[in-house]
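To start, the structure under review is shown below, and the notes come after it.
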Amino acid sequence: MDGMGGELRTVATAVGREIEVLTAGNPGGYPWLWVPGSPSAAVDYPRLDDLATKLDLRLVTWSRPGYGGSTPRPPSPAGPRIVDDVPDIEAILDALEIGEFVVVGWSGGGPRALACAALLSDRCRAAATLAGLAPFDVAGLDWMAGMGPGNVADFTAALQGPEAYAAFKEKYFMPMTSASPADVAAGVGQLLTPTDDVTFTEGLARWLAESTHRAGAQGVIGVRDDGLALAAPWGFEVSSISVPTAIWAGGQDVTVPYAHGQWLAAHVPGAVAHLLDDAGHITLVNDLEDVLVELLELGRVSR
């Protein structure tokens, strides 16, 4: 692989699907699972590799079903659910001979990090969600309040069902899968605040563009199922989380509103809350070193 020198491989699941997995950083380092947002696929990002190498971590990330080279899931009567990602994550851990790990999920990846904390507590030492979504079906949260118009339109379409949502994504997502980094940055920019704009680097734009291109390699099926899972019951309760969990949220975030982080901080047992009034959706990624250092401390990871 070019760029950060990561290694791309394929992992087979117990039901015969294939998951595209990227590893980077120090091969002998402590395992760090990185779950990016929606849409996304496993692509090189030198900044993540450099950070993993600096902190002596083995970075593991993957393309969720239907993204990149990962086999889509077959249709289910229950529809796509966040909980369905857990067996895939277990298959990745087993294939890479990983016992314990820490996990960080950004944006739409946040719920998957929380799923690890809730359902893989025997292996997950600590979890963090950065600008991560809260559950869709909970009391005390107006889920779409404060989201930018693009996200409101997107999730409103998701609530209309798989066919309507797929048509919406054909129109609005597929053109982005062949767009230039500048055009992808412009599209992402519609969901950013001035706080984020000053931290939105060229390198980040290239990574998001490449990730978006790869996410659409199989058409809209990956992004469709991803959005449907986010805008539906997750299949587990955050109240069941018992491992150390950090919640990072920004008051200047219009992609995932501040209220999501506030709700999670109040409902994840023992959560370590970082509710930052001046932070945005992108600035929290720039705090990743602080996130990881704290996470290793929370998990009492000895390296």
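The values are calculated or read from the model by the stated rules, or taken from the named source; none is laboratory data. Note that the coordinates shown come from a computational prediction; the quantities given were computed from them, not determined experimentally. When we count neighbours, we look across all protein chains shown, and the Cβ atoms used for this are built from the backbone with ideal geometry, even at glycine. Side chains are part of the model used for accessible areas, which takes the heavy atoms of the whole protein and leaves out ligands, DNA and RNA. Shrake-Rupley method; radii C 1.70, N 1.55, O 1.52, S 1.80 Å.
Structural remarks
- Taking the range 291-303 as the range and being at pLDDT 95 or above and in contact with a strand residue (DSSP E or B) (Cβ under 9 Å, 6 or more places away or on another chain) as the test, the residues that pass are VAL291, LEU292, GLU294, LEU295, LEU296, GLU297, LEU298, GLY299.
- When ASP287 is tested against (1) out of contact with any strand residue (DSSP E or B) (no Cβ under 6 Å at 6 or more places or on another chain); (2) open to solvent by less than 30 Å² (accessible area, probe 1.4 Å); (3) closer than 20 Å to PRO36 by Cα, exactly one condition is not met: (2).
- Positions within the range 232-252 being in a loop (DSSP other than H, G, I, E, B) and open to solvent by less than 10 Å² (accessible area, probe 1.4 Å), in sequence order: TRP234, ILE241
- Screening ASP94 against (1) surrounded by fewer than 22 Cβ atoms within 10 Å (Cβ to Cβ); (2) in contact (Cβ under 8 Å) with a residue 12 or more places away in the chain; (3) more than 14 Å from the chain's Cα centre (by Cα) leaves a single unmet condition, (2).
- In the range 62-91, the qualifying residues are those that are more than 24 Å from TYR45 (Cβ to Cβ) and within 17 Å of the chain's Cα centre (by Cα), and the one that is least open to solvent (accessible area, probe 1.4 Å) is VAL86.
- The range 97-121, subset open to solvent by 10 Å² or more (accessible area, probe 1.4 Å) and in contact with a Ser or Thr (Cβ under 7 Å, 6 or more places away or on another chain), residue farthest from ARG300 (Cα to Cα): SER107
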